[in-house]
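Asks: Dropping the structure in here first, questions after.
The values are calculated or read from the model by the stated rules, or taken from the named source; none is laboratory data. Model, not experiment: these values are computed from the prediction. Neighbour counts run over all protein chains shown; Cβ positions are idealised from the backbone, glycine included. Surface areas here come from the heavy atoms of the whole protein model, side chains and all, with no ligands, DNA or RNA. Shrake-Rupley method; radii C 1.70, N 1.55, O 1.52, S 1.80 Å.
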Amino acid sequence: MNAQYPVARPRRLRRTAAMRRMVAGTRLHPAELILPMFVKEGIAEPQPVGSMPGVVQHTRESLRKAAHEAAEAGVGGIILFGIPAYKDARGSGADDPDGIVQVALRDLASDLGDALVLMTDTCLDEFTDHGHCGLLTADGEVDNDATLERYASAAVAQATAGSRMIAPSGMMDGQVGAIRAALDANGFAEIPILAYAAKYASGFYGPFRDAAECAPQFGDRSAYQQDPAGPIGEALREVRLDLAEGADAVMVKPALAYLDILRQVRDTVEVPVAAYQVSGEYAMVEAAAANGWIDRERVIMESLIAIRRAGADMILTYWATEVARGLS
């Protein structure tokens, strides 16, 4: 760069809104947004989630309405989480053909067709009475290899019911390979897998556990989710392992506190990269806005732009429908 002030004036390209739009290097599109949704068995009305203003546990009917609104707004996909009426140690509802997720998927597949991508979280924590992401040993530890069989069965049940993308989130070693093998063996070779490849044991998940009713009844998930202060390169190792097992896209979770990881992943892989703007990120913005401390809409857009700029091709966000409407 040779020119200096006063010849060089970077403000020239920032003077008007039209100029800023024209030269913008980072843009959002509604199709890049994915809406997480919760559906609960046995309720007659949507139940507000106290720690996530504006988010509800849906009934089957209210889910259908909200999903239709998301599709109309141009949202790219929805990812479904289910809360069953009955939980047990095996997480039996996860692969029950008549379980809440499978029933809701059939509703949505019938209503929406391919208007957006129907995705499903594939894990056990919402379905187990102990709240952990897998089967437990007699000593109370998560049994990695036994859990893989349950994930595989749940993934097949979800695909059968109408899921068009499977998203395993339990952070079990080998989970992508087990699910890929099961899908292929059951006639679902065309169904892609979005791997929660770099998922951290984060304090930002608190409100989600209210929404999904999946807080562990003892201990925490630090033995299987990644340590925020873990070894340099661990995230990329997890990503490479998932890709080697057949993942079609990978995810970093949470988003804002891990933008450095997101950038590393984006610079390393040649598949789509997703980032999950998690419940704690959402709740903090909503709480601060409710107190008049921040400009809500401005902060929402700024946070999403930051995630997009760091390298996310897709963003899971609870504001997906609202933001998609604004962008449209």
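Asks: Enter the Cα centre distance for the pair the stretch 102-134 and the stretch 300-328, rounded to the nearest angstrom.
Replies: 22 Å
Asks: Please give every one of the lysines within straight-line cross-link reach of Lys199, meaning a C-alpha to C-alpha distance under 30 Å, and leave out same-chain neighbours fewer than 8 residues apart.
Replies: Counting by Cα, and skipping residues close in sequence, Lys199 has these lysines nearby: Lys40, Lys87, Lys253.
Asks: Something else: Per residue, how large is the accessible surface of the stretch 255-328? Use a 1.4 angstrom probe and give square angstrom. Before the final figure, lay out each step's value.
Replies: On the way: 3320 Å² over 74 residues.
I get 45 Å² per residue for the stretch 255-328.
Asks: Right, another one. Using a/c under 1.5 as the rounded threshold, could you call the stretch 185-279 rounded, prolate or oblate? The axes a ≥ b ≥ c are square roots of the C-alpha gyration tensor eigenvalues, and prolate needs a/b larger than b/c, oblate otherwise.
Replies: Values: a/c = 1.80, a/b = 1.26, b/c = 1.43.
Oblate shape, in that a/c is at least 1.5 and b/c is the bigger or equal ratio.
Asks: Okay, moving on. Springs between alpha-carbon pairs under 10 angstrom, Gaussian network model over the chain: which of Gly311, Gly25, Gly74 fluctuates most?
Replies: So, out of Gly311, Gly25, Gly74, the one fluctuating most is Gly25.
Asks: To the nearest 0.05, what FRET efficiency results for Asp139 and Ala257 with a Förster distance of 41 Å applied to their C-beta separation? Walk me through the intermediate numbers first.
Replies: On the way: r = 32 Å, r/R0 = 0.78.
Computed FRET efficiency for Asp139 and Ala257 comes out at 0.80.
Asks: In the calculated pair distance distribution of the stretch 151-223, what percentage of Cα-Cα distances lie above 20 Å? List each step's numbers first, then the result.
Replies: Numbers: 1054 of 2628 pairs.
Every Cα pair in the stretch 151-223 considered, those over 20 Å come to 40 percent.
Asks: Test of understanding: in a Gaussian network model of the chain with alpha carbons linked when under 10 Å, which of Phe81, Phe188, Phe127 would top the mean-square fluctuation ranking?
Replies: Phe188
Asks: If each DSSP helix of 4+ residues adds -39,500 (n - 2.57) and the sum is divided by the residues in the chain, what number results at 222 nm, nearest 500 deg cm²/dmol? Don't skip to the answer; put the middle values down first.
Replies: Working: 11 runs with 127 residues, N = 328.
Mean residue ellipticity at 222 nm (helix-derived): -12000 deg cm²/dmol.
Asks: Right, another one. Over the stretch 59-115, average the accessible area per residue using a 1.4 Å probe and give it in Å², no decimals. Could you put the intermediate results ahead of the total?
Replies: Working: 2350 Å² over 57 residues.
Solvent-accessible surface per residue comes out at 41 Å².
Asks: Express in nm, to one decimal, how much length is gained between Lys65 and Ala181 on full extension, taking 0.36 nm for each residue of separation and deducting their alpha carbon distance. Spell out each step's value before the answer.
Replies: Values: separation 116, 0.36 × 116 = 41.76 nm, distance 3.44 nm.
Between Lys65 and Ala181, full extension yields an extra 38.3 nm.
Asks: Sorted by mean Cβ packing within 10 Å, highest first, what order do the peptides 129-140, 164-175 take?
Replies: Working: 129-140: 16.7, 164-175: 23.0.
The most tightly packed comes first, giving 164-175, 129-140.
Asks: Please list, by residue number, everything in the stretch 190-217 whose backbone N is under 19 Å from a paramagnetic label point 7 Å out along Cα→Cβ of Leu241.
Replies: 193-202
Asks: What nm value, rounded to one decimal, do you get for the distance between Ile43 and Gln217 when each label is placed 7 Å out toward the C-beta?
Replies: 2.1 nm
Asks: Classify the stretch 45-194 from the C-alpha gyration tensor, please: rounded if a/c falls under 1.5, else prolate or oblate depending on whether a/b exceeds b/c.
Replies: In terms of gyration-tensor shape, oblate.
Asks: Measure off, as a whole percent, the carbon and sulfur share of the 1.4 Å-probe accessible area of the chain, all protein chains present. Mind dumping the intermediate values first?
Replies: Numbers: 7710 of 14880 Å².
Answer for the chain is 52 percent, counting heavy atoms of protein chains only.
Asks: Okay, next question. Which loop-located GluC sites (Glu not before Pro) does the stretch 259-302 contain, where loop means any DSSP state but H, G, I, E or B and the Cβ has at most 12 other Cβ atoms within 10 Å? Walk me through the numbers on the way to the answer.
Replies: Numbers: sites: Glu270, Glu281, Glu286, Glu297, Glu302; in loops: Glu270.
Qualifying residues, ordered by number: Glu270.
Asks: Compute the length gained on full extension between Tyr86 and Arg298: take 0.36 nm times their separation in residues and subtract their Cα-Cα distance, giving the result in nm to one decimal.
Replies: On the way: separation 212, 0.36 × 212 = 76.32 nm, distance 4.12 nm.
72.2 nm is the gain from fully extending Tyr86 to Arg298.
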